[in-house]
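Data first, discussion second: the structure below is written as structure tokens.
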Amino acid sequence: MTNKRPTLSIKPAAAKNAKPAAPRMRASYEVKPVLQPGYRPDLKPDSLALCLLGAANAVAQVRAGAALPQALLTAFGVTAAAPQARGAIQDIAYRTMRQLGRSETLLGLMTSKAPEPPMLASLLCCALTLIDTPDGAEPPYEVFTVVDQAVTVASSHPDMAHAKGMVNAVLRRFLREREELLKSALTQPVAQFNYPQWWIDAAKAAYPGNWQAILAAGNAQPPLTLRVNQRKTTVEAYIQLLADAGMAATRIGPSAVRLEKALGVALIPGFEEGLASVQDAGAQLAAPLLDVRDGMRVLDACAAPGGKTCHLLELAQLDLTALDSDPKRLERVGENLERLGLSATLKAFEAQTSVWWDGQQFDRILADVPCTASGIVRRHPDIRWLRRKGDALQLATLSAKILDNLWQMLRPNGKLLFVTCSLWPQESEAQAAAFAVRHNATRLAAPGQLLPTGTAVQDHDGLFYALFQKNAT
């Protein structure tokens, strides 16, 4: 017998006085539930369950395309988390981002299809991160407590209540079969290195001799590095101030001090008084390379959040313009300037345009151009999951337009410092070489590509520096 597709027929009019037909119940597959990611379950404010819920909410947002800092702000609001719980939510979310490839691979081995809704999958990834600590590290929480609290989250939330049994089964299966599951998962590069496959391939191509070390550095916890404001104190005096407060620190650069233990800025001695600012040791190389002197007219393009802006002003009395396309991020530049007692002209415009420029050329230009930020993933582990393979080309094209536009604003014999926080040559060395050819620019000594490291002597992100001088003729 052949199956015929049913034909559409017109339903005849009901006979007079006939009873209305009973309403047809929709099949389960026809029902699309309305998700409630903002639902606030009744969870104890100091419980691990609340923290897992907040972290799962943030991770789900990142997987939908949101940056982790903004996702966390939303999660804090959804959970109405107290400050202590916010710290735990942030810690779990960042751990999960660093281990997402491994957790998602494990989840794929233990489930027949991706758990739905997305926040359920994110909850399982957060829980797996807490009970699956690589390299034999001590779990941050007792493993069976994590399982119990993850089930509590699922039970209390309308989007996940249907899967509370599955949450329990998956996590307990991992604990029972950990060795076998990990052996299978770690055959996959995405699980082994915790990066998308295209990112792993790009690192291999760019750095065939040490790509694994570079990927590993991106998975490490970043240090808290400070830039000492030498207008107000010395590095030696500041390290002593930290020691007096019971905080161990090491000098790792001309103005760079690395704290042995990270802590909130409110607890850093002298922070509010402007004695120090948070800035990566590699990023602190930018301002000194420009060799600024009192009275110079300087442009910091793409300036937010203002670390390099403030460093320049700590080095000399300058007529400085800080330019950024994002007015809200530019507000952070203003806040940093105010804390340090410094001043600059702030302009919210795109650096590839010249509508904001008054026609007077600058003595120095700092061009920290948009890029994939592939060199700062240890600080922003969500970046690897948000970027796509074609982003480097797109951003390099934009950066070239910015550099070409800014070059006309530089006076003869002036210097332009090109900076990216990218590891990809397309955005860094290839860009610098092409720029020098286009403009017949003289290339001066600069560090070039800095790879991310975490040694006792050097501890910095992956940045690129190229310094150009504009010929007078």
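With an 8 Å cut-off on Cα pairs and a minimum separation of 6 or more residues, tell me the relative contact order of the chain in percent.
Once divided by the residue count of the chain, the mean separation gives 12 percent.
On a 0 to 90 degree scale, rounded to 10, what angle separates helix 429-439 from the longest Cα axis of the chain?
It works out to around 50 degrees.
At 1.4 Å probe size, with the rest of the protein present, what percent of the exposed accessible area of the stretch 93-189 is carbon and sulfur atoms?
Whole-percent figure for carbon plus sulfur exposure: 52.
To test your reading of the geometry: what angle, between 0 and 90 degrees and rounded to tens, separates the Cα axis of helix 48-63 from the longest principal axis of the chain?
Computed tilt is about 70 degrees.
Picking from ALA287, ALA348, LEU52, whose Cα lies most toward the positive end of the charge dipole for the chain (charges on Cβ: Lys, Arg +1; Asp, Glu -1)?
Going by the Cα projections, it comes out as LEU52.
Please give the length that would be gained between LEU444 and GLU116 if that part of the chain were fully extended, namely 0.36 nm times their separation in residues minus their C-alpha to C-alpha distance (nm, one decimal).
112.6 nm
Roll a 1.4 Å probe over the protein heavy atoms and report the accessible area of ASP91 in Å², nearest 10.
Roll a 1.4 Å probe over it and ASP91 shows about 50 Å².
Name the shape class, rounded, prolate or oblate, that the alpha-carbon gyration tensor gives for the stretch 401-440, where a ≥ b ≥ c are the square roots of its eigenvalues, rounded holds for a/c under 1.5, and otherwise prolate holds if a/b is larger than b/c and oblate otherwise.
Cα axes put the stretch 401-440 in the prolate bin.
Return the sequence-ordered ³J(HN,Hα) values of the stretch 357-363 in whole Hz as given by the Karplus equation 6.51 cos²θ - 1.76 cosθ + 1.60 applied to θ = phi - 60°, using x for Gly and Pro.
With the stated coefficients, the stretch 357-363 comes to 7, 8, x, 8, 6, 9, 6 Hz.
To the nearest 10 square angstrom, how much accessible area does LYS328 have with a 1.4 angstrom probe?
Its accessible surface works out to 150 Å², give or take rounding.
With runs of 4+ DSSP H residues as the only contributors, calculate the mean residue ellipticity of the chain at 222 nm using -39,500 (n - 2.57) per run, divided by the residue total and rounded to the nearest 500.
Per the formula, -13000 deg cm²/dmol.
Order of 419-428, 184-193, 223-232 by packing, highest average Cβ count within 10 Å first?
Result, highest mean first: 419-428, 223-232, 184-193.
Could you work out the relative contact order of the stretch 266-367? I mean the mean sequence separation of Cα pairs under 8 Å and 6+ apart, divided by the number of residues, in percent.
The value is 31 percent.
Sort the stretch 25-137 into rounded, prolate or oblate with this rule: let a ≥ b ≥ c be the square roots of the eigenvalues of the Cα gyration tensor; rounded if a/c is under 1.5, and if a/c is not under 1.5, prolate when a/b is larger than b/c, oblate otherwise.
Cα axes put the stretch 25-137 in the oblate bin.
Could you tell me the center-to-center distance, by alpha carbons, between the stretch 324-378 and the stretch 255-300 in angstrom?
The distance from the Cα centre of the stretch 324-378 to that of the stretch 255-300 comes to 16 Å.
Antiparallel versus total DSSP beta bridges in the chain: what percent is that, nearest 5?
For the chain, the DSSP antiparallel bridge percentage is about 55.
To the nearest 20 debye, what is the magnitude of the charge dipole of the chain about its Cα centre, counting +1 on the Cβ of each Lys and Arg and -1 on the Cβ of each Asp and Glu?
In total the dipole reaches around 2140 debye.
Please state the relative contact order of the stretch 314-473 as a whole percent: Cα pairs under 8 Å, 6+ residues apart?
22
Could you sort the peptides 45-55, 128-138 by per-residue average Cβ neighbour count (10 Å cutoff), highest mean leading?
Peptide ranking by packing, descending: 45-55, 128-138.
Taking +1 at the Cβ of each Lys and Arg and -1 at the Cβ of each Asp and Glu, which of ASN219, VAL170, PRO189 sits farthest along the dipole of the stretch 149-231 towards its positive end, judged by Cα position relative to the Cα centre?
Positive-most Cα among the choices belongs to ASN219.
Run the reach check for LYS113 against aspartates and glutamates, Cα to Cα strictly under 15 Å, same-chain hits fewer than 8 apart removed. What comes back?
GLU104
Taking a probe of 1.4 Å, how large is the accessible area per residue of the chain, in Å²?
Heavy-atom SASA per residue in the chain reads 49 Å².
Rank these residues by their accessible area, most exposed first, probe 1.4 Å: GLU314, GLU350, GLU180, GLU104.
GLU180, GLU350, GLU104, GLU314
Karplus couplings for the stretch 330-335 from phi (6.51 cos²θ - 1.76 cosθ + 1.60, θ = phi - 60°), rounded to Hz, Gly and Pro as x?
Calculated HN-Hα couplings, in order: 5, 4, 5, 4, x, 5 Hz.
For the stretch 394-467 and the stretch 161-222, compute the distance between their C-alpha centroids and round to whole Å.
Cα centres, the stretch 394-467 to the stretch 161-222: 32 Å.
Could you order the peptides 57-70, 251-264, 434-447 from most to least packed, using the average number of other C-beta atoms within 10 Å per residue?
Final packing ranking: 57-70, 251-264, 434-447.
Using bins 20 angstrom wide from zero, how does P(r) for the chain break down, in % of all Cα pairs?
P(r) for the chain, in whole percents per bin: 21, 47, 25, 6, 2.
Farthest toward the dipole's positive end in the chain, which of ALA121, ALA434, GLN230, given Cβ charges of +1 (Lys, Arg) and -1 (Asp, Glu) about the Cα centre?
So the residue we want is ALA121.
Amide H of ALA276: which non-local residues (sequence gap of 5 or more, or other chain) have their own amide H closer than 5 Å, using H built in the peptide plane?
ASN229
The values are calculated or read from the model by the stated rules, or taken from the named source; none is laboratory data. Every value quoted in this text rests on a predicted model; they were computed, and no experiment measured them. A quick note on method: Cβ atoms are made from the backbone with ideal geometry, for glycine too, and the neighbour counts reach across all protein chains shown. For the accessible areas, the whole protein counts, side chains as well, though only heavy atoms, and no ligand, DNA or RNA atoms are used. Shrake-Rupley method; radii C 1.70, N 1.55, O 1.52, S 1.80 Å.
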